Every structure is written in C-alpha cells, then in structure tokens.
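This report concerns only the one structure given below.
The values are calculated or read from the model by the stated rules, or taken from the named source; none is laboratory data. Nothing here was measured: the structure is a model prediction, and the numbers come from that model. Methodologically, a virtual Cβ is constructed for each residue, glycine included, from the backbone with ideal geometry; neighbour enumeration extends over all protein chains shown.
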Amino acid sequence: MSRRIDIRAGEYLFREGDAPTSAFLIESGRIEISTHQDGQPLVLSVLNAGDLLGEMAVIDDAPRTADARALDDATLIEVDRTQINERIDSADPIVRALLRGQLYRYRTALAQLRSSTGGAAPTANFPAQNPQMDADGYDDSAVAKIWLETQLREALAKRELDVRFQPIYEIAERRIAGYEALVRWTHPTRGPVSPMEFIALAEETSLILPVGEYVLDRVAEALAEIALLQPEEMPFVAVNMSGRQMAEADMLSAINTAAHKHGIDRRLFKVEVTESLTLDYARVGDLISRCHDVGIKVALDDFGTGYSNLGHLHKLRFNTVKLDQGFVRQMLDAPRCFAIVQAIVDMVRTLDADLVAEGVETEAQLLALGSMNCRYAQGYLIGKPQSLAEIKGNHSR
Ligand code: C2E
Ligand code: MG
Ligand code: MG
C-alpha cells in the first residue's frame, strides 16, 4: 500500500545502517543523500520531486548505505517493498540480472569510496543471499541465456544452423507431396539444442527475424536443387512462422527475396502459423489475404491444442489445418478421440481446406487416417526430418 509521508526540513528519512522498509518517491521538496568518507560527511546527491530513493536497499534487502535528509519541508510517497519485489520477480530474468549486477557494482564502488584504504567489501551481499547469483552478482541462469543467445547469433553468422525437411505424405496418392522445414542447431559443446528452446530464445529478441530469413534462404536453395532433378513435379515446403516474424517482419517480402535469389517459384512455399497466433486475428487475416493474392498457401499449425477457436477458423481462410500430434497418438486407444479426429477431418473438408495429421508413427494410424479420408500424414513413420542430400533421393527420376 502506498501512503504519503510529510517530513520537515532537516529531518532524516533514514540513516546509514537502518533496515530497509520501503522506497520513496518525492512528491515535493528536496532530499539530500550523504555518507561519510574518512569520518567527513560526503554529499552523494540531492534529489527532487519525481525522483525515487531508497529502492536499492529494498531490492537487495541490505541495510541503508547512506543518510537521507530533507533540505526543505518535503512530501514523499512510500512505495512498499512488495510492490517493488513483485515487479522485479515478474521481470525478464536478463533484465533482473542486469539490475542486480549494476546494483552490486554500485555497492562495491560506494564501499570503496567510503573507506580510505579502499577495497572494502560491499555491504550488500547478493551472492550469499541468493544461490543463483555468481560472484559478480549476476543470476547464472540469465547469464547462461545471454551466452546461449550470443552463440546462436554466431552460429547464424557462420551459417551453422541446419535446415531439415520432414516429408508430408499424400495418403491416397501414396506420394510425398511436400516437406516441412525444421531448423536444427548443433551447439559446439551441448550438442543438438531443441528448436523449442532456441526458437523461444530467439523469439525473445529480434534474433528470430534473421533466423527466419536464413531458413527461407536455405529452403529456396534446396528447392532450386530439387528443381534440377525433377522440375515438373515440385514438392511444396512449409516454413514455420513465429509471432514476431508476423508482427515485425514482412514475411512475404522475405519469401520473395529468397525465391528470387534462387530462381524458384514462390508458390512452392507454404506458411505455417501456430494456433496461438490466431489470437491476433486481424494480423493473421491480413497475412492470409496477402499470401493468397500471390498464390501462397497458409496452414494452421498444431490445431487442437491450447487455443482452438472455431470462430476464428471459420473466418480465417487457411488452406491447410495441421492436427496436433496428441490426437493421432491417442486416436486408436480412445474411441472418443477417434470420433473427434473423424469430425475434424470432415469439418476441415467442408471449409475447403486440407488436413495434415501430425505425429503419425504407425501403419495402423496411417491406415485409419486414410480410411477417414484425411489427405496428408506427417510423422516418423513416413520420415524423420532429413537433410537435403537425403530427400534428394525422393526426387530423382
Ligand atoms: P512444429 O511446427 O509443430 O513441428 C513438428 C515437430 O514435431 C517437429 O519437432 C518434428 O520433428 C516433430 N515430429 C514430427 N513427426 C513426429 C513424430 O512422428 N513423432 C514425434 N514425437 N514428433 C514428431 P521439432 O523439429 O523439434 O520442432 C519443434 C517446433 O519448433 C516446431 O513445431 C516449430 O514450432 C518450431 N520450429 C522448428 N523450426 C522452426 C523454424 O524454422 N522457425 C520457427 N519459427 N519455428 C520452428
Ligand atoms: Mg510446423
Ligand atoms: Mg506442428
């Protein structure tokens, strides 16, 4: 709870060594912050209306490291420590680590300033209080994230990210109609890192944009090689699009650039949009119509998981719906699940779209999907994500 405090000129708000209770926002008046150096008073700063003070000791739960005294009659708003700590706890871990690291350095500098011999230990001791902090006061998990992100950036610059192609099988025609492009990263020491992890990391910053462009470029390059083998029967390649790519990048112009560079038809690209993105209804709708204007198809990925909204499905004109793996996995054991899959196959057809069943791992699942008239199947039974060299064999005459 915030409350107002009035103090008179000359009074102390807190003194060095006091336990921290709250931080303060100055509404009116001036507050002088001072400490002692070699026994002599030393003014660190004079704060005015709108300035925040006393927040440091609240953040690191250490005794006050300076005196705060009113120079005029002043009014302050008390900011409760839980108000501050809740915000810090919910902040991005990297921002939190930066804050704590800076605070730790400030404390160290202040302790050195205060002692004539220099080099005194800081009063605040995060490392001892928080096992996640290392000796610099940084949160190790946040540092690991920054580190991983830097390495991802380097891997991208060195073109070390790999794009794999997982076949999408047209059941009735018994042929591979296309592929889904799936990015892979083999970390120099950790080995393969799941795209679930590094795509999520890249999504947190704008790094996802060059990663996305890189994938498009590699896909176009692969299509150009396949076209040399069998130009009359080209497969499509579906690329995954993340939220940030949709919000910040012009996916279409990136597809155009890649297609143009490698001399292939841009209509061989298919865009996969995950279900959670359809919450941004207007933007997805706009993307779909711009794709359709140039003959590019759009698929709804992982349908049936968290955000299924049939209202959106009827308004958003997806060409393809990809049924989440979970359904196929349970379909043959749970009759109700089987019934739902059948209903989705029928519903998608009435919407003039195609269904891809994801995660097909057994012949029995493929057979069942075929008998339901599901058009496409994708999964380890048909093929795992493979290198370009491996899939070329599917297209040689
Ligand atoms: P997704 O788009 O739903 O991709 C399908 C995932 O299911 C892939 O995992 C694939 O390897 C896996 N999978 C395919 N068949 C089977 C199967 O029969 N059984 C099982 N258990 N799994 C199967 P992966 O490659 O780990 O990718 C995970 C997610 O990472 C993808 O989910 C996609 O959301 C994201 N992702 C991958 N590549 C990219 C990319 O280039 N850009 C973006 N934005 N996201 C990507
Ligand atoms: Mg996908
Ligand atoms: Mg999927």
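Okay, here's what the table says:
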item: Per-region count, the stretch 280-321, residues farther than 21 Å from Val237 by Cα and within 16 Å of ligand 1 (Cβ to nearest atom); result: 7
item: Test: residue in the stretch 258-272 that is surrounded by fewer than 19 Cβ atoms within 10 Å (Cβ to Cβ) and β-branched (Val, Ile, Thr); result: no
item: Any hit, the stretch 142-155, residues being among the basic types (Lys, Arg), more than 16 Å from ligand 2 (Cβ to nearest atom), assigned to a helix (DSSP H, G or I) and touching a residue at least 24 places away in the same chain (Cβ under 8 Å); result: yes
item: Enumeration of residues in the stretch 159-202 that are surrounded by fewer than 18 Cβ atoms within 10 Å (Cβ to Cβ), assigned to a loop (DSSP other than H, G, I, E, B) and more than 19 Å from the chain's Cα centre (by Cα); result: Arg159, Glu160, Ala172, Glu173, Arg174, Pro188, Thr189, Arg190
item: Search result, residues across the stretch 344-374 that are assigned to a loop (DSSP other than H, G, I, E, B), away from ligand 3 (no atom under 16 Å from the Cβ) and touching a Leu at 6+ places or on another chain (Cβ under 8 Å); result: Leu351, Thr362
item: Filter result for Phe126 (modelled with pLDDT under 85 and either more than 30 Å from Lys384 (Cα to Cα) or out of contact with any Pro (no Cβ under 6 Å at 6 or more places or on another chain) (or both)); result: yes
item: Residues of the stretch 363-378 that turn out to be surrounded by 14 or more Cβ atoms within 10 Å (Cβ to Cβ) and over 22 Å from Leu310 (Cβ atoms), as a count; result: 6
item: Subset tally (residues that are assigned to a strand (DSSP E or B) and closer than 11 Å to Arg114 by Cβ) for the stretch 35-56; result: 6
item: Residues satisfying the stated conditions in the stretch 57-109, i.e. in contact with a Leu (Cβ under 8 Å, 6 or more places away or on another chain), in a helix (DSSP H, G or I) and not acidic (Asp, Glu); result: Ile59, Ile88
item: Qualifying residue in the stretch 332-350 (condition: of a type in the set (Gly, Ala, Ser) and buried (at least 21 other Cβ atoms within 10 Å of the Cβ)); result: no
item: Test: residue in the stretch 214-231 that is among the acidic types (Asp, Glu) and within 11 Å of ligand 1 (Cβ to nearest atom); result: no
item: Subset of the stretch 298-331 [of a type in the set (Lys, Arg) and surrounded by fewer than 14 Cβ atoms within 10 Å (Cβ to Cβ)]; result: Lys315
